[in-house]
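Undergrad: Submitted below is the structure of interest, expressed as structure tokens.
The values are calculated or read from the model by the stated rules, or taken from the named source; none is laboratory data. What you are looking at is a predicted structure, and each value in this text was computed from that prediction instead of being measured. A quick note on method: Cβ atoms are made from the backbone with ideal geometry, for glycine too, and the neighbour counts reach across all protein chains shown.
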Amino acid sequence: MTSCARIPVQEIQDARDLFEAAKSSCARVYMTQEMKQAQSRLGQIDRGTRKKTRLPKKKLRKLALEVQDLSKKMVNETARIKTRLYKKIQQNILLAIKNIHEGEKAEANRYARKEYREAIAGVRKARKLSQEECRYTEALKESESALEYAKESITKARAFKKELEKKLPHYHIVRKGETLKSIAKSEPVYGDESFWEIIYKANRDQIRNPDVLYPGQQIYLPSRKEFSRSH
């Protein structure tokens, strides 16, 4: 009875409960310094409650109250940190998606494929990570990366298309084995076989069957600007 009277049991238990609540709130991730301080004091309490290393009741109570205060601070501050991080993550994701759509208008999925795909993958990762409160920092990094890739895809696609316009030949002499799709896909013409129909429409006067070309045949290749104006 005398031994128990020397230990502030309730204060120590409250300290441990509050510390566990702080851990569960992800304070171990967002407030590492305070977490170490609280753990250090709990270690002192554990040693101070042993018979051979017993600390005075006043000292144990002081340590327990310090752990309680630290734990309450961690819970409250961690909640604010998580709210701020989550808001920023969602803002980045929305901006990344907006830029991805803008990139699609610039045909980044054709002319800046790596950046375009990385942007989409980054948005998916950020969304997944943001479902776990203790991984908001990782989610923020992914969302920032996704946004940068999305912006880069627009810049790269526009620059590529501008350069393509300079290099685009007006006429092409058909070689043996070539098709409209292979011509459209070849660089620096269009870079994608899906543009074969553009070439076909521009040469209907001499191409009756889009599946049949003749070596030496001269076909007209409309520029992207010409195509855009006609649609």
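Undergrad: Under 6 Å between Cβ atoms, which residue pairs at least 6 apart in sequence (or on different chains) link something in segment 47-59 that is closer than 14 Å to residue 11 by Cα with a partner that is among the basic types (Lys, Arg)?
TA: Close Cβ pairs (under 6 Å, with a partner that is among the basic types (Lys, Arg)) amount to 57/6.
Undergrad: Sticking with this one: Restricting the search to segment 111-163, which residues are farther than 30 Å from residue 29 by Cα and among the aromatic types (Phe, Trp, Tyr)?
TA: 111, 116, 160
Every residue, every condition in (1) more than 17 Å from residue 140 (Cβ to Cβ); (2) assigned by TED's automatic domain parsing to the domain that holds residue 130; (3) of a type in the set (Ser, Thr, Tyr), yes or no:
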{"residue": "29", "(1), (2), (3)": "no, no, no"}
{"residue": "41", "(1), (2), (3)": "yes, no, no"}
{"residue": "45", "(1), (2), (3)": "yes, no, no"}
{"residue": "53", "(1), (2), (3)": "yes, no, yes"}
{"residue": "69", "(1), (2), (3)": "yes, no, no"}
{"residue": "89", "(1), (2), (3)": "no, yes, no"}
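Undergrad: Could you check segment 193-213 and list, in sequence order, the residues that are surrounded by 13 or more Cβ atoms within 10 Å (Cβ to Cβ) and either hydroxyl-bearing (Ser, Thr, Tyr) or in contact (Cβ under 8 Å) with a residue 60 or more places away in the chain (or both)?
TA: Within segment 193-213, 200 is the sole residue that qualifies.
Undergrad: On to the next question. Among the residues of segment 164-184, is any in contact with an Asp or Glu (Cβ under 6 Å, 6 or more places away or on another chain) and within 30 Å of residue 24 (Cβ to Cβ)?
TA: Looking through segment 164-184, none of the residues is in contact with an Asp or Glu (Cβ under 6 Å, 6 or more places away or on another chain) and within 30 Å of residue 24 (Cβ to Cβ).
Undergrad: Is it the case that segment 108-118 has a residue that's of a type in the set (S, T, N, Q), at pLDDT below 95 and closer than 21 Å to residue 157 by Cα?
TA: Yes: segment 108-118 contains one or more residues that are of a type in the set (S, T, N, Q), at pLDDT below 95 and closer than 21 Å to residue 157 by Cα.
Undergrad: Which one is modelled with the lowest pLDDT, of the residues in segment 155-192 that are among the polar types (S, T, N, Q) and either within 29 Å of the chain's Cα centre (by Cα) or not in a loop (DSSP other than H, G, I, E, B) (or both)?
TA: 182
Undergrad: Residues in segment 26-35: is at least one in contact (Cβ under 8 Å) with a residue 12 or more places away in the chain, within 17 Å of residue 146 (Cα to Cα) and in a loop (DSSP other than H, G, I, E, B)?
TA: Within segment 26-35, not a single residue is in contact (Cβ under 8 Å) with a residue 12 or more places away in the chain, within 17 Å of residue 146 (Cα to Cα) and in a loop (DSSP other than H, G, I, E, B).
Undergrad: When you scan segment 55-154 for helices (runs of 4 or more DSSP H) that lie fully inside it, which ones turn up with 1 or more residues that are among the acidic types (Asp, Glu) and either within 13 Å of the chain's Cα centre (by Cα) or surrounded by fewer than 19 Cβ atoms within 10 Å (Cβ to Cβ) (or both)?
TA: So the answer is 57-105, 113-129.
Undergrad: Quick check, is residue 47 more than 38 Å from the chain's Cα centre (by Cα), basic (Lys, Arg) and buried (at least 18 other Cβ atoms within 10 Å of the Cβ)?
TA: For residue 47, the condition - more than 38 Å from the chain's Cα centre (by Cα), basic (Lys, Arg) and buried (at least 18 other Cβ atoms within 10 Å of the Cβ) - is not met.
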